[in-house]
Amino acid sequence: MPNRMSMVVFSGTVDKLYPAAIMASGAVAMGMDVEIFLTFYGLDAFRKGMPQTNQKMDVNYAELAPMLAQLMKEKNVPSWYDMLLKAKEMGHVRVHACAMTLDLMGLKKEHLDPIIDDVVGVGEFVSNAKEGEITLFL
Amino acid sequence: MAVSTEERIILDARGSFCPGPLMELIRGIKQATVGETIEVWSSDQGSRKDIPFWVQKAGHELIGMFEGPDYARFVVRKRR
C-alpha cells in the first residue's frame, strides 16, 4: 500500500486551509506522499491572487476571527499558503484542481495559483486515494 | 536561523509553531552529512513528542532532549 495521505479540500475559509497545510506538512515530515484535491470553495481559495488576500473565516466562529487573526500576527505564524509551499519543497505534495468546479466557474488552469499541478476528474482522484492509507475531507 | 559551531549545527526554531521546528530539523538533517550533530531549539509543545518520534522513525539518533523553562533543546545525530 503506498505511504500516502489524500485530502479533499472543499472549504475555502482560512481556518480550514490551515489544517490542510499543517496536515500536509506533518505527512511530509513522516515521509508520506500527499495528494490534495481542491473542489468548490477550496478551489476558489486557489484562484490567482486569492491565497495572498483571502481572509474569510467560518461564520460560525465570526466572533473569534479577529482575535485569532491578531494572535497569529503577533506570534508570527506563517500563512497556510507558505506552509503548503514549504511542504511542497520538502516532499511529494501534489495539488489537483477539480475539473468539474473549473468548468462550472468557467475557469482555466491559468486562472489558478501556480502551486496547482494539474486538473483532474474525481474518478482519478478517488482511484488514487483508494490505494493510500489515509483520506481526509476538509 | 542556523548557526554553525565547530561540533554541531544549531537551529533556532523558537517561536515557530507546530510543525515548524520539526520541519526545520528535517531540512537541517537533509543538508548535514552523516555523523554530524544537529541541535534544534523549540518552544513548541508538540515538538517534545514529534521530534523524538520522527528521529526514531527516520533512523537517526536522539542524543538528548534538554528541557528549559522557555524552550527545549533536542540534540540529534545524523545516522544515514
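Numbers below:
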| read-out | value |
| --- | --- |
| On Cα atoms only, tilt of B:47-57 relative to the major axis of chain B in degrees | 20 |
| Nearest-0.05 FRET efficiency for A:MET90 and A:ILE134, computed from C-beta distance (R0 22 Å) | 0.75 |
| Between 0 and 90°, nearest 10: helix A:122-131 axis offset from chain A longest Cα axis | 80 |
| 0 to 90° range, to nearest 10: angle between helix A:80-90 axis and chain A longest Cα axis | 40 |
| Which of A:LYS75, A:LYS86 has the fewest Cβ neighbours within 10 Å, and the rest in rising order | A:LYS75, A:LYS86 |
| Kirkwood Rh and Cα Rg combined as Rg over Rh, evaluated for segment B:2-77 | 0.92 |
| Segment A:62-138, Cα convex hull volume normalised per residue, Å³ | 154 |
| Distance violations [Cα-Cα > 19 Å] among A:LYS16/A:LYS73; A:LYS48/A:LYS108; A:LYS16/B:LYS57; B:LYS30/B:LYS78; A:LYS88/B:LYS30; A:LYS56/A:LYS108 | A:LYS16/B:LYS57; A:LYS56/A:LYS108 |
| A:VAL122 versus A:ASN3: modelled label distance in nm, points set 7 Å from Cα along the beta carbon direction | 3.2 |
| For segment A:63-77, 3J(HN,Hα) per residue [Karplus equation, 6.51 cos²θ - 1.76 cosθ + 1.60, θ = phi - 60°, Hz, x = Gly/Pro] | 5, 8, 4, x, 5, 4, 4, 5, 4, 5, 5, 4, 8, 6, 6 |
| Helix-only CD estimate at 222 nm, as mean residue ellipticity for chain A, using -39500 (n - 2.57) per DSSP H run (n ≥ 4) | -12500 deg cm²/dmol |
| Convex hull volume per residue in cubic angstrom - Cα atoms of the protein assembly as shown | 135 |
| Label-point separation in nm, B:SER43 to A:LEU104, each point 7 Å along Cα→Cβ | 4.3 |
| Helical mean residue ellipticity (222 nm; -39500 (n - 2.57) per DSSP H run of 4+; nearest 500) of chain B | -9000 deg cm²/dmol |
| Derived scalar couplings ³J(HN,Hα) [segment A:28-35; Karplus, 6.51 cos²θ - 1.76 cosθ + 1.60; whole Hz; x for Gly, Pro] | 4, 4, 8, x, 8, 7, 10, 10 |
| B:ARG73, A:ARG47 arranged by Cβ crowding within 10 Å, fewest neighbours leading | B:ARG73, A:ARG47 |
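Each value in this text was obtained by applying a stated rule to the coordinates, not by laboratory testing. Just so it is clear, the model here is predicted, and its values are computed rather than measured. Using ideal geometry, Cβ is built from the backbone for each residue, glycine included, and neighbour counts are taken over all protein chains shown.
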